[in-house]
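Below: the structure, in structure tokens.
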Amino acid sequence: MEAQQYLMTTTLKAPFVYYTTAPDISADAAEFLRQADEALKNNDAQKTTEFYRMALEKSPKSSYLMCNLGTILAAQNVVNDGVKFLQTAIEAN
């Protein structure tokens, strides 16, 4: 499966790219990713973050999930944690 990325603007401070699908993740992670996408569409950054964390627990080596979590954290001004996840995603690729 090829990763699909989208640019979303939300009520958060900045637009960001996020993935709604990701290759090589578990079925459980894919379900959490789907739920995160729904939460994001409803502008619920807290729920989105929770679902990205749960997805990453199920597929901890996914750079796509790391990227999603890093960007949503950074968009919520949790910049240091967000950058750590983004850096880990870059190193994983």
Hey, if we sort 48, 21 by accessible area with the 1.4 Å probe, largest down, what's the order?
21, 48
Distance (nanometres) between label positions extended 7 Å along Cα→Cβ at residue 26 and residue 41
2.5
Would you mind working out the magnitude of the charge dipole of the stretch 32-90 relative to its Cα centre, with +1 at each Lys and Arg C-beta and -1 at each Asp and Glu C-beta, to the nearest 20 Debye?
140
So what's the projected area for the stretch 27-93, the Cα convex hull averaged over all directions, in nm²?
3.8
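The values are calculated or read from the model by the stated rules, or taken from the named source; none is laboratory data. Given the structure is predicted, the values throughout are model-derived calculations rather than measurements. In this analysis, Cβ positions are derived from the backbone assuming ideal geometry, glycine residues included, and neighbour counts consider all displayed protein chains. Quick note on the areas: whole protein, heavy atoms, side chains included, nothing else; ligands and nucleic acids left out. Shrake-Rupley method; radii C 1.70, N 1.55, O 1.52, S 1.80 Å.
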